[in-house]
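Structure first, then comments.
The values are calculated or read from the model by the stated rules, or taken from the named source; none is laboratory data. For clarity, every value in this text was computed on a predicted model and none was experimentally measured. For neighbour counting, all protein chains shown are included, and Cβ atoms are generated from backbone atoms with ideal geometry for every residue, glycine included. Ligands, DNA and RNA are excluded from the accessible area calculation, which covers all protein heavy atoms including side chains. Shrake-Rupley method; radii C 1.70, N 1.55, O 1.52, S 1.80 Å.
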Amino acid sequence: MDSFLKLLEGNKNWAAKKIKKNPTYFEALVNIQTPDFLWIGCSDSRMPADLVTGTQPGEIFVHRNIANLVVNTDVNLLAVLDYAVNSLKVKHVIVCGHYGCGGVKAAMEKTDLNHILNMWLSNIKDIQRIHNDELQNIKDDKQRYDRLIELNVMEQIKNLAKTSIVQKSWKEKNSPSLHGWVYSLHDGIIKPIIEMKPNTHLNSYYEYNFD
Ligand code: CO
C-alpha cells in the first residue's frame, strides 16, 4: 500500500470513531470557529499543536513554519496573525519552539543548505549575534543549543509585539497576551519561557502612534 493511502484510511477510521462517539461532532464544528488561541509552532512533525495540548478541532488557530519564526516581511504569517487577532479575536498568541529543533541547529552549525533555507535561518543567526555574550558563556554545546532555542522563542515574541497588528489590538482591546513556550520531545512537556501582557512597552523605536 502506498504510504499516502494510509492517511486516507486513517482519516476514514477517525471520522467513523468520532461519529460513533458523538453523532453531531462534525455538525457542531461546521458553522463555528471561535478559537481563543493562535499557535505559531515549528513545522516539525513531532509537535502537532492540538495533540500536545490535548485540544480538539476548533480550539486553536495554527500557523507553522521551520523554527517557529515571526518574520516581519512574511505575508503568510502576517495574514494569519491579522485574521486571528482582528477577526477571530484570539485572547492568546503562542509561539512554541522545541528542544532539538533542526532549524536552530542548522543555523548554529553554519551549514550551507541552499539560498532559500539560508535566508530563512539567517533570522536565527541574528539572534545569536544579539545574545552573543550569554551564549558564549555557556561552555556545554547541548546547553548552548537549548538556550538558543529558548532565546529564539523570546525574540519571536518580541517580533510579534513589534507588529502594528498586535500594538493596535493592545491599544483598542487590551488583547492578546503573548506566550513563548518550548516543547520537549523527550517527555512531551511544554516549558513556559516568557509571557508578554498587552501594552508592554517595547524599545520606543518600535512603538507606533495610532491616532
Ligand atoms: Co523545529
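Scanning the range 97-115 for residues that are over 14 Å from the mean Cα position of the chain (by Cα) and in a loop (DSSP other than H, G, I, E, B) returns Gly100, Glu109, Lys110, Thr111, Asp112, Leu113, Asn114. At least 2 residues being more than 16 Å from the ligand (Cβ to nearest atom) and open to solvent by less than 60 Å² (accessible area, probe 1.4 Å) is the threshold, and among the helices (runs of 4 or more DSSP H) wholly inside the range 1-77 those reaching it are 3-21, 25-30.
This table checks each residue for (1) in contact (Cβ under 8 Å) with a residue 12 or more places away in the chain; (2) under 23 Å from Thr53 (Cα atoms).
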{"site": "Trp120", "(1), (2)": "yes, no"}
{"site": "Asn123", "(1), (2)": "yes, no"}
{"site": "Gln136", "(1), (2)": "no, no"}
{"site": "Leu151", "(1), (2)": "yes, yes"}
